[in-house]
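For reference, the structure is listed below as structure tokens.
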There are 2 protein chains.
Amino acid sequence: MGNWTIEEIKNFLIKNGIRPSFYRLKIYQYLLNERTHPSADEIFLYLKKEIPTISRATIYNTLNLFLNKRLVQLINLERDEARYDATLSWHAHFKCLNCNKVFDFHIESLKLKGVEGFQILEKQLNLAGYCAQCQKK
Amino acid sequence: MGNWTIEEIKNFLIKNGIRPSFYRLKIYQYLLNERTHPSADEIFLYLKKEIPTISRATIYNTLNLFLNKRLVQLINLERDEARYDATLSWHAHFKCLNCNKVFDFHIESLKLKGVEGFQILEKQLNLAGYCAQCQKK
DNA sequence: CAAATAATTATAATTATTATAAAATTAAAA
DNA sequence: TTTTAATTTTATAATAATTATAATTATTTG
Ligand SMILES: [Mn+2]
Ligand SMILES: [Mn+2]
Ligand SMILES: [Zn+2]
Ligand SMILES: [Zn+2]
């Protein structure tokens with residue numbers, strides 16, 4: 001249920017200095033429309049259904065390109081695989097240890113001590129536990 | 001310059017249901033005394049100097065044992081390797097992208113929205129950027 | 001169109017971590 | 001103490017995410 005048309009995504013990529021190849025459009029569209037914070041492999045398996053010839057290397061190449069151009073952010077929720085988020089705003093991620101879904105939380109405020117002199121370029125707040133649904137069991 | 005004696009560490013492990021083998025003592029002592037948030041490999045290479053017969057598997061086994069018994073916390077700062085911290089309190093970690101050192105920050109306050117109904121069991125706040133030293137270049 | 005450039009693929013390489021089974025050590029029983 | 005059982009450690013292989021490489025395909029440019 002994306003609100004972006006393919007044409008809009010195309011222009012957006014061009015505006016960010018990325019040539020809008022078919023695969024890049026597809027991958028960015030998936031990140032925009034399915035807001036599930038997918039891993040590289042989830043994207044690969046999803047696109048494979050439509051485009052059986054697609055290669056994992058393309059997914060990794062494209063995600064790294066998007067990261068460098070700051071179109072997506074990397075989420076370090078799990079040790080075994082990276083997740084990606086097309087929402088760039090500063091928000092927290094919660095992973096349910098039962099259903100494995102990833103939820104977004106809005107951060108109202110955060111106060112740190114001792115950061116004077118440090119140049120903070122990246123921030124990530126990662127949480128884990130059990131979501132409301134999974135607790136009813 | 002640890003303030004814990006080997007005897008104290010021994011008793012601490014026993015109190016936590018861990019048999020205080022030589023290697024376990026050494027590994028926990030390293031985590032306590034060198035507060036550098038080491039990776040498994042850093043611990044391995046350090047102990048190897050003293051005990052050349054030590055195996056990487058022992059390091060991983062022991063760290064996982066410590067994690068299960070909640071003696072250390074895992075820090076997910078980097079995608080390529082896990083770091084470990086014998087300080088269990090809730091605090092943030094900052095990694096300098098230049099010198100690669102990891103710094104602790106005290107968290108004065110944090111307010112999240114929309115967490116009602118969620119059971120939060122784990123929290124991690126990870127930062128990256130340039131430390132004060134490295135900025136003077 | 002032809003040449004140059006860029007994107008994609010298939011495949012191999014890398015590397016942190018886990019699994020497995022044998023050997024060594026320690027604890028418990030006799 | 002000797003024997004036996006349980007635990008720990010080691011060496012090695014397996015796993016799996018990611019990156020590197022080189023060949024192929026597609027696109028752009030003159
Ligand atoms: Mn998100
Ligand atoms: Mn710390
Ligand atoms: Zn859940
Ligand atoms: Zn630094």
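The values are calculated or read from the model by the stated rules, or taken from the named source; none is laboratory data. Model, not experiment: these values are computed from the prediction. Here Cβ is always computed from backbone atoms with ideal geometry, including for glycine, and neighbour counts include all displayed protein chains. These area figures cover heavy atoms from the full protein model, side chains too; ligands, DNA and RNA do not enter into them. Shrake-Rupley method; radii C 1.70, N 1.55, O 1.52, S 1.80 Å.
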- Item | Computed FRET value (nearest 0.05) for B:E108 with A:T5, which takes r as the C-beta separation and R₀ as 35 Å | 0.20
- Nearest-first distances (nm) between copies at B:D80, label 7 Å from Cα via Cβ: 2.2
- Item | Contour minus Cα-Cα distance for A:N16 and A:N61 (0.36 nm per residue) | 14.6 nm
- Note on the structure: Simple spin-label estimate for B:S89/B:E122, 7 Å along Cα→Cβ, in nm, reads 2.2 nm
- Query: Can you run phi through the Karplus equation (6.51, -1.76, 1.60; θ = phi - 60°) for segment A:97-114 and list ³J(HN,Hα) in whole Hz, with x for Gly and Pro?
  - Reply: 6, 9, 8, 6, 6, 10, 10, 9, 10, 7, 9, 6, 7, 8, 10, 10, 10, x
- Message: Using only the alpha-carbon atoms, how far is helix B:6-15 inclined from the longest principal axis of chain B? Give it as 0 to 90 degrees, nearest 10.
- Response: 70 degrees
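As a test, work out the antiparallel percent of DSSP beta bridges whose residues both lie in chain B, rounded to the nearest 5.
For chain B, the DSSP antiparallel bridge percentage is about 70.
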- Item | Those trypsin sites (Lys or Arg not before Pro) in segment A:32-73 that DSSP places in a loop and that have at most 10 other beta carbons within 10 Å | A:R70
- Compute the acute angle (0 to 90°) between the alpha-carbon long axis of helix B:40-50 and the principal axis of greatest extent of the alpha-carbon atoms of chain B; round to the nearest 10°. 30 degrees
- Task: Would you grab the residues whose amide H sits under 5 Å from the one on A:L112? Only those 5+ places off in sequence or on another chain, please, with H modelled 1.01 Å from N.
- Result: B:E108
- Message: Using a 7 Å offset from the Cα along the Cα-to-Cβ direction at both B:T53 and A:R79, what is the distance between the two label points in nm, to one decimal?
- Response: 2.7 nm
- Query: Out of residues 5 or more away from B:N98 or on other chains, whose amide H comes under 5 Å of its own, with H placed 1.01 Å from N in the peptide plane?
  - Reply: B:C131
- Item | segment A:69-78 - phi-based ³J(HN,Hα) in whole Hz, Karplus 6.51/-1.76/1.60, Gly and Pro as x | 8, 6, 8, 9, 10, 8, 10, 9, 6, 10
- Holding the Cα-Cα limit at 32 Å, pick out from A:K49/A:K101; A:K69/B:K101; A:K113/B:K113; A:K111/B:K48; A:K10/B:K101; A:K101/B:K49 the pairs that are longer than that. A:K111/B:K48; A:K10/B:K101; A:K101/B:K49
- Could you pull the accessible area for B:H37 with a 1.4 Å probe, rounded to 10 Å²? 10 Å²
- Message: Using only the alpha-carbon atoms, how far is helix A:56-68 inclined from the longest principal axis of chain A? Give it as 0 to 90 degrees, nearest 10.
- Response: 60 degrees
- Message: Cut-off 10 angstrom, C-alpha nodes, Gaussian network model of chain B. Which of B:Q73, B:Q119, B:Q29 fluctuates the most?
- Response: B:Q119
- Taking chain B and dividing mean pair separation by its residue count, relative contact order in percent (alpha carbons under 8 Å, at least six apart): 19 percent
- Note on the structure: Once phi for every residue in segment A:16-21 is put through the Karplus expression 6.51 cos²θ - 1.76 cosθ + 1.60 (θ = phi - 60°), the whole-Hz ³J(HN,Hα) values, with Gly and Pro written as x, are 9, x, 10, 6, x, 6
- In whole angstrom, and with the biggest value first, how far do the Cα coordinates of chain B range along each principal axis? 47, 46, 29
- Message: Run lengths n ≥ 4 of DSSP H only: what is the helix-derived mean residue ellipticity at 222 nm for chain A, with -39500 (n - 2.57) per run over all residues, to the nearest 500?
- Response: -10500 deg cm²/dmol
- Work out the FRET efficiency for B:C99 and A:A132 from their Cβ-Cβ distance, taking R0 = 45 Å, and round it to the nearest 0.05. 0.60
- Roll a 1.4 Å probe over the protein heavy atoms and report the accessible area of B:D85 in Å², nearest 10. 10 Å²
- Chains B and A together, accessible area buried on both sides, 1.4 angstrom probe, square angstrom: 3500 Å²
